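Taken together, the values in this text are just the output of simple stated rules run on the coordinates, not laboratory data. Computed from a predicted model, the values in this text were never measured in an experiment. Cβ placement follows ideal geometry from the backbone for every residue including glycine, while neighbour counts extend to all protein chains displayed.
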């Protein structure tokens, strides 16, 4: 007993000694600033007013910063920008999941003979491409593309997963100012390659749009409206089933259902034809009521009200993002005839210098990086941990591919997905600074300014330290909500 | 412990189970071909070819921007806007007997009054970046490993509570601390110094967490054996635990180095004099002062991206493992 006691005492000394260097840094650069920032948020410290040349005193102004913030339209606009950019998240996650699933498949056909024949095919196709390109005296550009394609195929046939995984991941590894500058120039409206690639097809599209009756083109809006309603129906049905099965509590189902109605509500003011918006809204609400009636018919509901809100919210917000993209595409369709009517025809957008296109441009760049991101690697690891017996059993039962995915893969990956979503939301809330600073300086007209950029410009450019701290604490509050949500509802996935 | 788990649901795939069970994987991936009827193998052949086609197409999309970057960096300015990616001719300069494309020489040659009249000191930015990243990495890996040793191998009262506190700070938005930290730097007189860049980067909850995960997987019996042999805690740490956690150390080193090499926000607010710019800040400065010179900028971007790609290809084994520990922020 006595020896044990002394050992613990000695361990305290050693434990603290080993911890000390890190703990000191932690105190000085994390804990102290945290408290300091809290105090700042309630002060009116402004470097323009309170500096060494002026002897005004810094005052504590209570909640004034927060009140001013809530009354500032720009804050809400920047918050909206942040959420807008976060809509990339479901698409990025879906892409990385698909990439991971494709990569986890057997790329060698199961036998050596198959592998050799695949390799031979790759070499043959590659050399044929090159031969065609050079034989026909094509430009260096075509030959370059042909050789690039050939080398990717041959490399992939030899190296399989490793080669593809490396290529997919490269955008993530080089992420940073260099890659963003590269994309800034890729997006350049005159000299950028993206627009020079788009110009040709858009001219072709111009002809098509001009020749076809405008009502036919504008019908795209109706198609989009139909897809929005379809998405809502799909989502409501999923929610209703989860509700009936007890996977999803009543409050959770209703709360998440609201997200599915949101695009329809937005369609009313945004849609150029009001009747389309109203129709979508009416149909969506109709579907919601119908699903509610189906759900209520002679059923008992299990589970507590907020059970399963995590996965329900994930489904609902992902579908919502898809619906919103549909809405955007539908609106573009409606304006296509007018856009094609000008003498130049359809021209590629000015991407980063256009108020409406700057955010989509950044999301495109983000999507490019999201395919092979860390999320893909996490999914790859998780996929190897799915017990093979489950698939074997499903094979015996004659399950279809989609069935196997939704009933085995997706539930087995749920903890990983939940982790990725939570991390993605947290980093998304704080994100957007670097790209905005490098590519657009938050512009044009604040269309790419996110909350993090607002903190930077208020705190470090304008010098309103108190106000910027208040913004950062608003951000902190949002992150905290997500974290608490994760604590409360993440356990279900962990313990499953 | 359950609270710790709940912070990071990804942990349900416990580190111990992450290195995939090879038998299981083989079973999953190389499913026994079953009966080798011709029709079946033809079907496999086509489906696998299709798979390669899709994966190849995605790879192409990933690579194309970099191909454009490389080719544009070889072009003269007049050809940058051309739809033909291939430069009509590559202008080279003999440097110590080796022909080097002119744009690259121009980027580095800050004595050349024609090109870099605004004094872009690219070689200097490089050196600054590597210097700062190397020091920050060294210090962070050391402090993290020591703290992780304390959390994973020593028993002291309140240990797990302190660890939880550490862990929860990983959720804090870094932005909240930026403004006070900058004021602290002003009062310490560290603005526009390398020390001011290195010191805050030398401590990390993430590094501690990652190292702890690695150290937990080392058998506890080693400690007892070392103690019986009369080794002190420092010797246990330095001669036994640290060498055994080499994979973890390498992973953390790569992550930290990469993070510091790409670090943007903190150098942006801290650095004032151009001679101290790190690469990202230097690139931004280059873009804002000579943004029209796309060809030179692309040469500069290539120069900063290529070392990272080479490093990644060489070290990806460690990186992938580290990320799959479920510890990296998604």
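Between residue B:227 and residue B:78, what FRET efficiency comes out of the Förster formula 1/(1 + (r/R0)^6) with R0 = 60 Å and r the beta carbon distance, rounded to 0.05? Intermediate values should be presented prior to the final figure.
Numbers: r = 73 Å, r/R0 = 1.21.
Working from the Cβ atoms, E equals 0.25.
Is the stretch A:282-377 best put as rounded, prolate or oblate by its Cα gyration tensor, with a ≥ b ≥ c the root eigenvalues, rounded for a/c under 1.5, and otherwise prolate when a/b is larger than b/c, oblate when not?
Details: a/c = 4.61, a/b = 1.69, b/c = 2.73.
It is oblate, given that a/c is not under 1.5 and a/b is not larger than b/c.
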What does the highest-first list of A:398-408, A:200-210 look like by mean Cβ count within 10 Å? A:200-210, A:398-408
At R0 = 30 Å, how high is the FRET efficiency between residue A:270 and residue A:94 if r is their beta carbon distance? Nearest 0.05 is fine. 0.80
Given contacts defined as C-alpha pairs under 8 Å and at least six residues apart, what's the relative contact order of chain A, whole-number percent? 25 percent
At residue B:130 and residue A:49, where each label point lies 7 Å from the Cα along Cα→Cβ, what is the point-to-point distance in nanometres? 4.9 nm
Taking a ≥ b ≥ c as the square roots of the eigenvalues of the Cα gyration tensor of the protein assembly as shown, is the shape rounded (a/c under 1.5), prolate (a/b larger than b/c) or oblate? rounded
Separation between Cα centres of the stretch A:135-177 and the stretch B:128-179, rounded to whole Å: 39 Å
Multiply the residue separation of residue A:480 and residue A:388 by 0.36 nm, subtract the distance between their alpha-carbon atoms, and state the gained length in nm to one decimal. 29.3 nm
Between residue B:288 and residue B:67, 0.36 nm times their residue separation minus their Cα-Cα distance comes to what? 77.2 nm
Can you compute the modelled spin-label distance between residue B:43 and residue A:190, with each label point 7 Å from Cα toward Cβ, in nm? 5.8 nm
Report Rg/Rh for the stretch A:352-414, rounded to two decimals, where Rg is the Cα radius of gyration and Rh the Kirkwood radius. 1.25
To the nearest Å, what is the center-to-center distance of the stretch B:37-74 and the stretch B:280-311, using C-alpha atoms only? 29 Å
Once both labels are modelled 7 Å past Cα along the beta-carbon direction, what's the residue A:250-residue A:32 spacing in nm? 5.4 nm
The Cα radius of gyration of the stretch A:110-186, divided by 2.2 N^0.38 Å with N its residue count, comes to 1.40
Computed curve, the stretch B:122-327, Cα-only Debye sum without solvent term, log₁₀ I(q)/I(0) at 0.11, 0.18 Å⁻¹, is -0.62, -1.28
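Please compute, for peptide B:203-214, the average count of beta-carbon atoms on other protein chains lying within 10 Å of each residue's beta-carbon. Walk me through the numbers on the way to the answer.
Details: counts 10, 5, 3, 0, 1, 4, 0, 0, 0, 0, 0, 0.
Per-residue shielding by partner chains comes out at 2.
To make sure I understand, if each residue's beta carbon is the centre and we count other beta carbons within 10 Å, what order do A:376, A:86, A:114 fall in, fewest to most? Intermediate results must be reported in sequence, preceding the final value.
Details: A:376 28, A:86 20, A:114 17.
Ascending Cβ contact count within 10 Å gives the list A:114, A:86, A:376.
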If each DSSP helix of 4+ residues adds -39,500 (n - 2.57) and the sum is divided by the residues in chain A, what number results at 222 nm, nearest 500 deg cm²/dmol? -24500 deg cm²/dmol
Work out how much length residue A:216 to residue A:17 would gain on full extension: take 0.36 nm times their residue separation and subtract the Cα-Cα distance, in nm to one decimal. 64.1 nm
Taking a virtual spin label 7 Å from the Cα of residue A:292 along the C-beta vector, which residues in the stretch A:220-238 bring their backbone nitrogen under 20 Å of it? A:229-238
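Across the stretch A:194-348, how large is the tail of the calculated P(r) beyond 21 Å, expressed as a percent of all Cα pairs? Present the calculation step by step, with values, prior to reporting the outcome.
On the way: 6336 of 11935 pairs.
Value for the stretch A:194-348 (Cα pairs over 21 Å): 53 percent.
Classify the stretch A:67-204 as rounded, prolate or oblate from the Cα gyration tensor: take a ≥ b ≥ c as the square roots of its eigenvalues, call it rounded if a/c is under 1.5, otherwise prolate when a/b beats b/c and oblate if not. Each step should come with its number before you reach the end.
On the way: a/c = 3.26, a/b = 1.64, b/c = 1.99.
Judged from the Cα gyration tensor, the stretch A:67-204 comes out oblate (a/c at least 1.5, b/c at or above a/b).
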Tell me, B:91, A:395 in order of fewest to most beta-carbon neighbours within 10 Å? A:395, B:91
